[in-house]
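Working notes for the structure below.
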Amino acid sequence: MRNSSRIVTIVFGALAALAGLEHGLGEALQGNVRPGGLMILSWPDSSFFAILGGEPAMTVVPNLLVSGILTVLVSLVLLTWVVGFVHRRHGGLVLLAICAVLLLVGGGFGPPVLGTIVALTALRIRSPHAWAARTPRLRRLLASAWPWVLGCGVLAWLWLMPGMSVLAMSLGVDSAGLVTTTILCAFGTLLLSILTGFARDARPRTPTARVAA
């Protein structure tokens, strides 16, 4: 797997796994109770998560304690996979399966969607030239922007959680528009991180790099 694209998959895959863990902890702390339906809230009584609507999720497991434990376990599997195994030949397909399970057991909606985008990136990572800009000048521009875009992407996701909750608790800010804007920025910078990562990996290798390889 190319270096830049692999870093993107590891970083955002890890963020998806950590967000899934947070959902699982909230569900497990609700105890040995039956959910009211397919749709649940991971943190229904927490003022810290109120700005995020109590962290909506879904689960097919008829017990919130079990659902939470399963979500934590699946999130740990996701984290292990993106760090150590997603670069393998069928790593992206396995990651897709893990994200599907995470969605069904209570991992929320954001973490599985984020993980799915990471998985699709991993599936295409062996052919970065097909996704990179055709114009050499534009490709060089995108490649040079990659570290900055990646940094902005990580900040956007951390601002979404826990940044928004900290802001709401400390300053009393409660704006649905701000949450929506943050979500759009988080996914936008994710897609830009992928695009610039592909452009960076598609750069022609120098003679020195070939000898070193």
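The values are calculated or read from the model by the stated rules, or taken from the named source; none is laboratory data. Note that the coordinates shown come from a computational prediction; the quantities given were computed from them, not determined experimentally. Every residue, glycine among them, receives a Cβ derived from its backbone with ideal geometry; neighbour counts consider all protein chains shown.
Got at least one residue in segment 111-133 being assigned to a loop (DSSP other than H, G, I, E, B), touching a residue at least 60 places away in the same chain (Cβ under 8 Å) and not hydrophobic (A, V, I, L, M, F, W, C)? I'd like the intermediate steps shown before the answer.
So the first thing to find is which residues in segment 111-133 are assigned to a loop (DSSP other than H, G, I, E, B), and the list is 125-127, 131-133.
Checking which are touching a residue at least 60 places away in the same chain (Cβ under 8 Å) leaves us with 125-126, 131-133.
When the remaining residues are screened for being not hydrophobic (A, V, I, L, M, F, W, C), the result is 126.
Within segment 111-133 (the criterion being assigned to a loop (DSSP other than H, G, I, E, B), touching a residue at least 60 places away in the same chain (Cβ under 8 Å) and not hydrophobic (A, V, I, L, M, F, W, C)), the answer is yes, since at least one residue qualifies.
Residue by residue, here is whether (1) in contact with a Gly (Cβ under 7 Å, 6 or more places away or on another chain); (2) at pLDDT below 85; (3) acidic (Asp, Glu); (4) assigned to a helix (DSSP H, G or I) holds:
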site: Thr180; (1), (2), (3), (4): no, no, no, yes
site: Thr196; (1), (2), (3), (4): no, no, no, yes
site: Arg205; (1), (2), (3), (4): no, yes, no, no
site: Ala209; (1), (2), (3), (4): no, yes, no, yes
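If Val8 passes every condition in (1) in a helix (DSSP H, G or I); (2) more than 29 Å from Leu192 (Cα to Cα) but one, which one does it miss?
That leaves (2) as the condition not met.
Given (1) in contact with a Leu (Cβ under 7 Å, 6 or more places away or on another chain); (2) modelled with pLDDT of 95 or more; (3) surrounded by 16 or more Cβ atoms within 10 Å (Cβ to Cβ), where does Ile10 come up short, assuming only one miss?
With respect to (1) in contact with a Leu (Cβ under 7 Å, 6 or more places away or on another chain); (2) modelled with pLDDT of 95 or more; (3) surrounded by 16 or more Cβ atoms within 10 Å (Cβ to Cβ), Ile10 is out only on (1).
Just to be sure, is Leu29 within 19 Å of the chain's Cα centre (by Cα) and at pLDDT 95 or above?
So Leu29 fails the test.
Of everything in segment 16-51 that's in contact (Cβ under 8 Å) with a residue 24 or more places away in the chain and aromatic (Phe, Trp, Tyr), which residue is surrounded by the fewest Cβ atoms within 10 Å (Cβ to Cβ)? Working first, answer last.
First pass over segment 16-51, keeping only residues in contact (Cβ under 8 Å) with a residue 24 or more places away in the chain: 16-35, 40, 42, 47-51.
Of the ones still in play, those that are also aromatic (Phe, Trp, Tyr) are 48-49.
On the way: Phe48: 13, Phe49: 22.
Top of the filtered list is Phe48.
Of all residues in segment 1-55, how many are touching a His at 6+ places or on another chain (Cβ under 8 Å) and farther than 22 Å from Leu78 by Cα?
Final tally of qualifying residues: 0.
Residue by residue through segment 84-109, note down the ones that are among the small types (Gly, Ala, Ser) and either in contact with a Phe, Trp or Tyr (Cβ under 9 Å, 6 or more places away or on another chain) or modelled with pLDDT under 95 (or both).
Gly84, Gly91, Gly92
So Val66 ticks every box in (1) surrounded by 15 or more Cβ atoms within 10 Å (Cβ to Cβ); (2) among the aliphatic types (A, V, I, L, M); (3) touching a helix residue (DSSP H, G or I) at 6+ places or on another chain (Cβ under 7 Å) but one. Which box is left unticked?
Of the numbered conditions (1) surrounded by 15 or more Cβ atoms within 10 Å (Cβ to Cβ); (2) among the aliphatic types (A, V, I, L, M); (3) touching a helix residue (DSSP H, G or I) at 6+ places or on another chain (Cβ under 7 Å), the odd one out for Val66 is (3).
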